[in-house]
Amino acid sequence: MSRKISRIIHEGKIVAIDATAIDVEIVNKSACATCHAKGVCGASEEQVRIINIPQTIATATAGYRVGDSVKLVLSGVMGLKAVILAYGLPLLILIAAILVFSALSLEQLYVGLLSLAAVALYYIIFAIFRDKIDKEFVFSIEQ
């Protein structure tokens, strides 16, 4: 059974508004956040993030105020693209590097180290172009 994700929604609170953007605070919770033993486990984790939403005519006329609870919405396609960029491509690079370096008859230690270096290079390049990539992933805001 195939189920298509049409939208990704995060609940948040407006923390700042200016002429160009609305800053919304969201709390990312780990998968074990609802566990009854999270207080003694130490593995649970919450991370507060501020998402910058560019002002549009719709957001400017909606009458949002600091402290309002809102929903941040990202299309499912963009969410899938984010997963592919963060996990899919590095996995493919790792597998390809292992195959190429193994075909060159290198020792296993060098194959492993060079393959990890190839993935590290990917993430370095990803970090360099982060601002450009971030511009593609734009959340919209709903009340």
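Here, each number is a calculation from the coordinates, and none is a lab measurement. Note that the structure is a prediction, hence the values are computed from the model and not measured. Glycine also receives a Cβ, built like all others from the backbone with ideal geometry; neighbour counts cover every protein chain displayed.
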Practice prompt. Determine, yes or no, whether Ile93 is assigned to a strand (DSSP E or B) and either touching a residue at least 12 places away in the same chain (Cβ under 8 Å) or in contact with a strand residue (DSSP E or B) (Cβ under 7 Å, 6 or more places away or on another chain) (or both).
Written response: no
Worksheet entry | Answer residue from the stretch 117-143, given it is charged (D, E, K, R) and without any contact (Cβ under 8 Å) to a residue 40 or more places away in the chain and is nearest to Pro54 (Cα to Cα) among those | Lys135
Worksheet item: Mind checking which pairs have a first residue in the stretch 105-116 that is closer than 20 Å to Pro90 by Cα and a second that is loosely packed, with under 13 Cβ neighbours inside 10 Å and aliphatic (A, V, I, L, M), Cβ under 9 Å, 6 or more apart or different chains?
Response: Val111/Leu104; Ser115/Ile95; Ser115/Ala96
Worksheet item: With (1) over 21 Å from Glu25 (Cβ atoms); (2) loosely packed, with under 14 Cβ neighbours inside 10 Å; (3) more than 22 Å from the chain's Cα centre (by Cα) as the list, and Val111 as the residue in question, which single condition is left unmet?
Response: (2)
Fill in: Any chance Lys81 is at negative phi, under 27 Å from the mean Cα position of the chain (by Cα), surrounded by 14 or more Cβ atoms within 10 Å (Cβ to Cβ) and among the charged types (D, E, K, R)
yes
